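The values are calculated or read from the model by the stated rules, or taken from the named source; none is laboratory data. All of these numbers come straight from a predicted model, not from anything done at the bench. With ideal geometry, Cβ positions are generated from the backbone for all residues, glycine too; neighbour counts draw on all protein chains shown.
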C-alpha cells in the first residue's frame, strides 16, 4: 500500500525510520475480508508518511492471487522528479483472522511485516489498512481521486478507529 509495509525501501536505498505512533490502541479488524474482492488496484488516498515513501505520490498497489494461494503485490509510486519506483512483495493470510491479517514480505525472509485490513466498504470501494503498532496507516480507494465527501468520510472513519488523522499525508494522484 499500498500499500503495504515498506513500499519501496529496497529500490530507493532509504533507511527505515518509523515515526510516532498514531494510534496507541489499534483495534482488531472489524469485518471479514473476501480476498477475491480485495484483489485488483488500490489507490492511496492518504498515509502516515514513512521514510521509504518519502516524496511518493501517484501511489498504487496491485494485488493478485498466485497459483500457490499467496498474494502477489506490486506497489508503485512517482517521485517528485516524475520517475516511477516499484516494489514487489508476496503475502499470505494468517489463519483464523477471517482474511484480515496478512504477513507481507518485500525482501524475502529478511523483512516480514504485518498488514491489517482494519475496515473496508462492503463493496470494497475503500479500505483502511494499518498494523498492530499504530505507526502505519493507509487509506485506500478504488478511484484515484474520490470525491471530497468520500475522502472526508474515509478520514473520519480512520479517526473513529482511534487514529490521529492530523498525521495523515494526502497523496496526490495524477
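Can you report the number of residues in the range 127-144 which are over 11 Å from the mean Cα position of the chain (by Cα) and either surrounded by 20 or more Cβ atoms within 10 Å (Cβ to Cβ) or over 20 Å from residue 25 (Cβ atoms) (or both)?
The qualifying residues number 3.
Go through (1) closer than 21 Å to residue 28 by Cβ; (2) surrounded by fewer than 17 Cβ atoms within 10 Å (Cβ to Cβ) and name the single condition residue 119 misses.
If we test residue 119 against (1) closer than 21 Å to residue 28 by Cβ; (2) surrounded by fewer than 17 Cβ atoms within 10 Å (Cβ to Cβ), just (2) comes out false.
Does the range 7-16 include one or more residues that are under 16 Å from residue 89 (Cβ atoms), under 13 Å from the mean Cα position of the chain (by Cα) and at pLDDT 50 or above?
no
Across the range 35-74, what is the total count of residues that are closer than 14 Å to residue 85 by Cβ and assigned to a helix (DSSP H, G or I)?
Total meeting the criteria: 3.
Please tell me if residue 71 is in contact with a strand residue (DSSP E or B) (Cβ under 8 Å, 6 or more places away or on another chain) and crowded, with 18+ Cβ neighbours inside 10 Å.
yes
Residue under question is residue 61, and the condition is that it be surrounded by 12 or more Cβ atoms within 10 Å (Cβ to Cβ) and modelled with pLDDT of 95 or more; does it hold? Spell out how you get there, then give the answer.
Details: surrounded by 12 or more Cβ atoms within 10 Å (Cβ to Cβ): yes; modelled with pLDDT of 95 or more: yes.
Against the criterion (surrounded by 12 or more Cβ atoms within 10 Å (Cβ to Cβ) and modelled with pLDDT of 95 or more), residue 61 qualifies.
For the range 29-45, enumerate the residues that are over 18 Å from residue 104 (Cα atoms) and either modelled with pLDDT under 95 or surrounded by fewer than 21 Cβ atoms within 10 Å (Cβ to Cβ) (or both).
Within the range 29-45, 30, 31, 32, 37 qualify.
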